[in-house]
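The values are calculated or read from the model by the stated rules, or taken from the named source; none is laboratory data. None of the values given here were measured: they were computed from a predicted structure. We place every Cβ from the backbone using ideal geometry, glycine too, and count neighbours over all the protein chains shown. All accessible areas refer to the heavy atoms of the entire protein, side chains included, with ligands and DNA or RNA removed. Shrake-Rupley method; radii C 1.70, N 1.55, O 1.52, S 1.80 Å.
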Amino acid sequence: MNGLTTSFGAFALTRFPEDPRDPLRAWDAADEYLLRHLDGIDDGPSVPLTGTVTVVGDRWGALATSLAGRHPLVQITDSYLGRQATLANLARAGVDPAAVRLLTVRDTPPERIDVLLVRIPKSLALLEDQLHRLAPAVHAGTVVVGTGMVSEIHTSTLRLFERLIGPTRTSLAAKKARLVFCTPDPALERGPSPWPLRYALPEGTGAAAGRTVTNHAGIFCADRLDIGTRFFLSRLPARQGPDDVVDLGCGNGVVGTAAALANPASRVTFTDESYAAVASAEATFRDNVPDGRAEFLAGDGLAALADSSADLVLNNPPFHSHRATTDTTARRMFADARRVLRPGGELWVVGNRHLGYHVRLRRLFGNCEVVASDPKFVILRAVRSGTSGAPRR
């Protein structure tokens, strides 16, 4: 648990799910810089938090928790985990959850926004899509302030604000963070948003070859098929019968969709912590398997699935949390998979060779087989044994 102290108060903040061993903070210098600016400590007078205050991309609820005690606001996020962290941090701070209206990037934004606070996302595409969606609610008097680390704010970032909202400038850097100030221009001609983006899968992708994939902004490799997934698609297990399949960390859903195309009797659960990813997976699946059986869940890994409820879990785990490199997510995914697999059920994982996932899988499952490999990627298969009990640590 980390303490954030600003003029708005002192708050004990955590990420979600809370892990006392996690060294990563639930806030950073960019959050601090924006809060100081809003209270008039840096870069000019304080910003009146009046009217509809909207916070976009608040990663773990640091901004919403700090500001909600003073004014009702709207938080818009693409992250289920970030949303749960916000709820937990609000409760810990003694703030009425009703003080924050929680929306996802797939929800309809407020009709009018008087103060727009944007935590710059890692994905330029997600920022583009969000600004397109929010621009109609912004008026000439709206205060627009973005924040991010210097490494996250580029010339292309500023051009997006200029093109979609209005004239833009930046602050001086402080603790490697920077602010973005934008003056809305209601007369701007923005044109249509390019999102979602669709493309056809190339040959060599198994049962999914030639199929069209839908990608909402912000998902991993939204404009192309990443080479790891392509390698995975060419070597998915050949199974038949009424399997319960899980596409864990589904992204655009192409892996689960390919599994359904190869085995029409299967039922596929698509799950991801990104709301945009789950929407992409649903569109991809419905377009290609209109009569298929599927469920689409935004959530914390496999937390919503019952023990021993799946026959096959397919997983291409992320190894980044925002800009931090970590295997924490992968480790939790593997443990979740072991829990939900039936005895004899299989976990198939694709990952970069250097990540050493085979070590963790052998500890959890007692076995791990290399299905295929190339100079960069490896596909691993672990089988849930017929015994019950806690996984090996």
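In this entry, Phe285 is excluded by the filter for residues that are open to solvent by less than 10 Å² (accessible area, probe 1.4 Å) and either under 30 Å from Trp27 (Cα atoms) or assigned to a loop (DSSP other than H, G, I, E, B) (or both). The single condition among (1) part of a loop (DSSP other than H, G, I, E, B); (2) surrounded by 16 or more Cβ atoms within 10 Å (Cβ to Cβ) that Gly44 does not satisfy is (2).
Under 16 Å from Val180 (Cβ atoms) and among the basic types (Lys, Arg), is that true of Arg36? Judged against the criteria, Arg36 is a match.
Kindly provide the set of residues from region 129-151 that are out of contact with any Lys or Arg (no Cβ under 7 Å at 6 or more places or on another chain) and open to solvent by less than 30 Å² (accessible area, probe 1.4 Å), ordered by number. Selection gives Asp129, Gln130, Leu131, Leu134, Val138, Thr142, Val144, Val145, Gly146. Residues satisfying the criterion are present in region 45-55 (criterion: more than 26 Å from Pro136 (Cα to Cα) and more than 22 Å from the chain's Cα centre (by Cα)).
Within the set Pro242, Pro318, the sole residue that is touching a Ser or Thr at 6+ places or on another chain (Cβ under 6 Å), outside any strand (DSSP E or B) and surrounded by fewer than 23 Cβ atoms within 10 Å (Cβ to Cβ) turns out to be Pro318. Within region 85-130, the set of residues being at pLDDT below 95, acidic (Asp, Glu) and under 29 Å from Ala283 (Cβ atoms) is empty.
Could you please find all residues in region 59-104 being touching a Ser or Thr at 6+ places or on another chain (Cβ under 9 Å), assigned to a loop (DSSP other than H, G, I, E, B) and more than 23 Å from Leu126 (Cβ to Cβ)? Listed by number, the residues that qualify are His71, Pro72, Ala93, Val95.
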